[in-house]
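The values are calculated or read from the model by the stated rules, or taken from the named source; none is laboratory data. The structure presented is a predicted model; accordingly, all values stated were derived computationally and were not measured. Every residue, glycine as well, gets a Cβ built from its backbone with ideal geometry; the counts of neighbours run over all protein chains shown.
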Amino acid sequence: MVKAISVLGCTGSIGRQTIAVAEHLGLPVAALSAGRQIDRLEEQARRLRPKLVAVFDEEAARRFRIAVADTDIRVVSGMEGLIEAAVLPESDCVVTAVSGAVGLRPTLAAIDEKKRIALANKETLVCAGELVMARAKERGAEIVPVDSEHSAVFQCLAGRGKGELKKILLTCSGGPFRGRKRAELEDVTPAQAISHPNWSMGAKISVDSATLMNKGLEFIEAMHLFGVTPDDIQVVIHPQSVIHSMVELVDGTVIAQLGVPDMGLPIQLALTWPERLPSMFEHLDFWSLRDLSFSAPDLENMPCLALAMDAARTGGTAPCVMSAANEEAVHLFLKERLGYNRIYEAAAGAVETVGAVQGADLDTILAADAAARAYVLERYS
Ligand code: MG
């Protein structure tokens, strides 16, 4: 088990669940970071007494500094502060639960310090998978996925040689609109889109789960994490979310990882790996499990998944452009300034217009990310 953690993005859904798991395990939290939700952050900081707290927003950081002036907590701000939280010597594991491309620089900084990355920020690998995986290999830093599907594949592949894997079977619940036609989704509201049948998650990722963009991002994430090509990954619709993903081996054997759909489980495993400890979560009851069903994804009516698979094949900055454009479009949708079906159009339009650069360095990646956001904001806001 790791010795102490830094939680980047501590006020979000994954961040809060990480803190609950850390408290259950008696694991010290050395650093916290949040964007601007300082009320919740103050409550967490007073309870956990981290050495360092990074508040991304400068104005919120100023107010937070005043709020905790009676404590010995050091408060830092901006991207520099976020990086400081990521490299704090007191912690040997960084949980990257921030949302969006903002997680990229701190993750690379933590890799350079050889910390374990408990990776919950999809954008890190979607935008800069080649760069991040190469750096982790070079520095000898461990990346343990927190995303439930990738945690499942990680567990199924543990101890297996590279040549034994035939295919990754990435499971997908299908989201709240499974079986619906695209034309029927024209008037979907944010409230409908974020009511996921199985998982409780933040708003952005819930919308991505409805459009299946989330599965598309996970497809790209899996490619990088496990060093496979798009042809080695098959998306399987499995509405019950009991099997969290599977691997098919060269002899035809399939190994699956099962558990209750609770993000706390993969979070805990990322902190205790390679050990397993008792958790505070429910266990599966096979006597009450009914059908486990499986089918192919409907790419025609869920075009975001097809778009992501195409971007994965194109490679270079294509996934980054798609993801950044999608992020902006989802934010506009959540503010009811963009229709549900326009999310796909915005992301596809950005990929088409901004294009892709192969073998990009960090600056080129960040420029592609910015260009994609600008494309969406110019056309749709
Ligand atoms: Mg997932």
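Quick notes on this structure:
- Segment 195-232, subset free of Cβ contacts under 8 Å to residues at least 24 places away in the same chain and surrounded by fewer than 20 Cβ atoms within 10 Å (Cβ to Cβ), residue farthest from S151 (Cα to Cα): S195
- Residues located in segment 86-104, provided they are of a type outside the set (D, E) and either modelled with pLDDT of 95 or more or not assigned by TED's automatic domain parsing to the domain that holds S13 (or both): A86, V87, L88, P89, S91, C93, V94, V95, T96, A97
- Residue that is nearest to the ligand (Cβ to nearest atom) [pool: residues in segment 199-213 that are of a type outside the set (G, A, S), touching a helix residue (DSSP H, G or I) at 6+ places or on another chain (Cβ under 6 Å) and outside any helix (DSSP H, G or I)]: M201
- Any helices (runs of 4 or more DSSP H) falling wholly within segment 244-355 and containing at least 1 residues that are closer than 21 Å to L119 by Cα and in contact with a Gly (Cβ under 8 Å, 6 or more places away or on another chain): 264-272, 303-314, 318-334
- Filtering segment 160-189 to residues that are over 22 Å from F294 (Cβ atoms) and either touching a strand residue (DSSP E or B) at 6+ places or on another chain (Cβ under 7 Å) or buried (at least 17 other Cβ atoms within 10 Å of the Cβ) (or both) leaves E164, L185, V188.
- Taken over segment 9-52, residues that are within 21 Å of D72 (Cβ to Cβ) and not in a helix (DSSP H, G or I) amount to 13.
- Residue-level check: of (1) in contact with a Lys or Arg (Cβ under 9 Å, 6 or more places away or on another chain); (2) under 18 Å from L170 (Cα atoms); (3) not hydroxyl-bearing (S, T, Y), L292 misses just (1).
- Count of segment 118-177 residues, restricted to those that are more than 26 Å from D369 (Cα to Cα), touching a Pro at 6+ places or on another chain (Cβ under 9 Å) and of a type in the set (A, V, I, L, M, F, W, C), is 5.
- Within segment 155-184, if we keep just the residues that are assigned to a helix (DSSP H, G or I) and closer than 25 Å to A210 by Cα, the residue that is farthest from the ligand (Cβ to nearest atom) turns out to be A183.
- Scanning segment 132-154 for residues that are in contact with a strand residue (DSSP E or B) (Cβ under 7 Å, 6 or more places away or on another chain), part of a helix (DSSP H, G or I) and within 16 Å of the ligand (Cβ to nearest atom) turns up S148, E149, S151, A152, V153, F154.
- Exactly one residue out of G227, G216 is at pLDDT 95 or above and either outside the structural domain of E248 (by TED's automatic domain parsing) or within 12 Å of the ligand (Cβ to nearest atom) (or both), and it is G216.
- Checked against the criterion of being under 22 Å from the mean Cα position of the chain (by Cα) and in the same structural domain as V351 (by TED's automatic domain parsing), the candidates A270, A324, A308 yield just one match: A324.
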